[in-house]
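Okay, so here's the structure we're looking at.
The values are calculated or read from the model by the stated rules, or taken from the named source; none is laboratory data. Because the structure is a prediction, the values reported are computed rather than measured. We place every Cβ from the backbone using ideal geometry, glycine too, and count neighbours over all the protein chains shown.
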(Lines give C-alpha, C1' and ligand atoms only; values in the text may rest on other atoms or scores of the structure.)
Protein backbone atom coordinates (compact mmCIF):
# COMPACT_ATOMS: atom_id res chain seq x y z
CA UNK A 1 0.00 0.00 0.00
CA UNK A 2 2.84 2.38 0.81
CA UNK A 3 4.35 1.90 -2.66
CA UNK A 4 1.19 3.25 -4.25
CA UNK A 5 1.43 6.47 -2.27
CA UNK A 6 5.07 6.92 -3.21
CA UNK A 7 4.26 6.59 -6.93
CA UNK A 8 1.35 8.96 -6.65
CA UNK A 9 3.34 11.62 -4.77
CA UNK A 10 6.19 11.32 -7.30
CA UNK A 11 3.73 11.82 -10.18
CA UNK A 12 2.17 14.86 -8.51
CA UNK A 13 5.62 16.39 -7.89
CA UNK A 14 6.60 15.84 -11.55
CA UNK A 15 3.36 17.42 -12.76
CA UNK A 16 3.87 20.49 -10.54
CA UNK A 17 7.43 20.94 -11.81
CA UNK A 18 6.22 20.68 -15.41
CA UNK A 19 3.50 23.26 -14.80
CA UNK A 20 6.02 25.60 -13.12
CA UNK A 21 8.39 25.48 -16.13
CA UNK A 22 5.68 25.67 -18.82
CA UNK A 23 5.10 29.48 -18.64
CA UNK A 24 8.83 30.05 -19.18
CA UNK A 25 8.99 27.88 -22.30
CA UNK A 26 5.56 28.47 -23.90
CA UNK A 27 5.95 32.15 -24.96
CA UNK A 28 9.17 31.46 -26.86
CA UNK A 29 7.68 28.47 -28.61
CA UNK A 30 4.42 30.26 -29.45
CA UNK A 31 6.26 33.24 -30.96
CA UNK A 32 8.45 30.98 -33.08
CA UNK A 33 5.47 28.96 -34.28
CA UNK A 34 3.45 32.10 -35.09
CA UNK A 35 6.33 33.63 -37.06
CA UNK A 36 6.88 30.43 -39.01
CA UNK A 37 3.17 30.04 -39.78
CA UNK A 38 2.83 33.67 -40.92
CA UNK A 39 5.80 33.35 -43.28
CA UNK A 40 4.48 30.11 -44.73
CA UNK A 41 0.94 31.39 -45.25
CA UNK A 42 2.23 34.62 -46.84
CA UNK A 43 4.31 32.63 -49.33
CA UNK A 44 1.38 30.37 -50.17
CA UNK A 45 -1.14 33.18 -50.54
CA UNK A 46 1.15 35.17 -52.80
CA UNK A 47 1.18 32.47 -55.49
CA UNK A 48 -2.16 30.86 -54.71
CA UNK A 49 -4.75 30.71 -57.43
CA UNK A 50 -8.14 31.93 -56.24
CA UNK A 51 -11.60 31.76 -57.74
CA UNK A 52 -14.53 34.14 -58.01
CA UNK A 53 -17.98 33.22 -59.32
CA UNK A 54 -20.54 35.71 -60.52
CA UNK A 55 -22.15 37.41 -63.52
CA UNK A 56 -20.20 39.41 -66.09
CA UNK A 57 -21.35 43.04 -65.99
CA UNK A 58 -18.79 44.67 -68.32
CA UNK A 59 -16.26 43.53 -70.92
CA UNK A 60 -13.35 45.55 -72.24
CA UNK A 61 -10.37 44.70 -74.46
CA UNK A 62 -8.02 44.07 -71.52
CA UNK A 63 -10.40 43.72 -68.57
CA UNK A 64 -13.79 42.40 -67.55
CA UNK A 65 -15.93 42.94 -64.47
CA UNK A 66 -17.71 40.18 -62.55
CA UNK A 67 -20.38 40.87 -59.94
CA UNK A 68 -21.39 38.51 -57.15
CA UNK A 69 -24.94 39.01 -55.89
CA UNK A 70 -26.58 37.93 -52.67
CA UNK A 71 -26.31 38.94 -49.03
CA UNK A 72 -22.79 40.32 -49.48
CA UNK A 73 -22.58 41.60 -53.06
CA UNK A 74 -19.09 42.15 -54.50
CA UNK A 75 -17.73 43.38 -57.79
CA UNK A 76 -14.23 42.65 -59.11
CA UNK A 77 -12.34 43.83 -62.17
CA UNK A 78 -10.05 41.24 -63.73
CA UNK A 79 -7.20 41.88 -66.13
CA UNK A 80 -6.67 39.27 -68.82
CA UNK A 81 -3.50 37.21 -68.68
CA UNK A 82 -1.59 36.83 -71.94
CA UNK A 83 -2.30 33.08 -72.00
CA UNK A 84 -5.86 33.13 -70.61
CA UNK A 85 -7.92 29.97 -71.15
CA UNK A 86 -11.63 30.47 -71.67
CA UNK A 87 -14.12 27.61 -71.66
CA UNK A 88 -17.28 28.91 -73.31
CA UNK A 89 -18.31 32.25 -74.78
CA UNK A 90 -17.41 35.14 -72.47
CA UNK A 91 -20.23 37.66 -72.90
CA UNK A 92 -22.14 40.18 -70.82
CA UNK A 93 -24.67 38.66 -68.37
CA UNK A 94 -22.95 35.25 -68.53
CA UNK A 95 -22.42 33.35 -65.29
CA UNK A 96 -18.70 32.63 -64.92
CA UNK A 97 -16.10 31.23 -62.56
CA UNK A 98 -12.79 33.09 -62.80
CA UNK A 99 -9.53 31.55 -61.60
CA UNK A 100 -7.07 34.36 -60.87
CA UNK A 101 -3.94 35.41 -59.03
CA UNK A 102 -3.22 38.69 -57.27
CA UNK A 103 -0.14 40.31 -58.81
CA UNK A 104 0.84 43.80 -57.75
CA UNK A 105 -2.59 44.55 -56.31
CA UNK A 106 -4.40 43.52 -59.51
CA UNK A 107 -6.47 40.41 -60.11
CA UNK A 108 -5.06 38.68 -63.20
CA UNK A 109 -7.46 36.11 -64.70
CA UNK A 110 -5.75 32.91 -65.90
CA UNK A 111 -8.82 30.77 -66.60
CA UNK A 112 -12.50 31.54 -67.12
CA UNK A 113 -15.27 28.93 -67.19
CA UNK A 114 -18.61 30.11 -68.60
CA UNK A 115 -21.58 28.24 -67.15
CA UNK A 116 -24.39 27.27 -69.54
CA UNK A 117 -27.60 29.27 -69.06
CA UNK A 118 -29.89 26.25 -68.65
CA UNK A 119 -27.79 24.72 -65.87
CA UNK A 120 -29.47 25.07 -62.47
CA UNK A 121 -27.10 26.03 -59.64
CA UNK A 122 -28.27 23.22 -57.32
CA UNK A 123 -28.39 20.41 -59.88
CA UNK A 124 -31.30 18.24 -60.98
CA UNK A 125 -33.71 17.19 -58.28
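Quick notes on this structure:
- The single condition among (1) in contact with a strand residue (DSSP E or B) (Cβ under 9 Å, 6 or more places away or on another chain); (2) not in a strand (DSSP E or B) that residue 79 does not meet is (2).
- Of all residues in the stretch 55-67, those being at pLDDT below 95 and either under 21 Å from the mean Cα position of the chain (by Cα) or outside the structural domain of residue 101 (by TED's automatic domain parsing) (or both) number 0.
- Taking residues in the stretch 103-114 that are more than 21 Å from residue 92 (Cα to Cα), and partners anywhere that are assigned to a strand (DSSP E or B), the pairs with Cβ atoms closer than 8 Å and at least 6 places apart or on different chains are 106/79.
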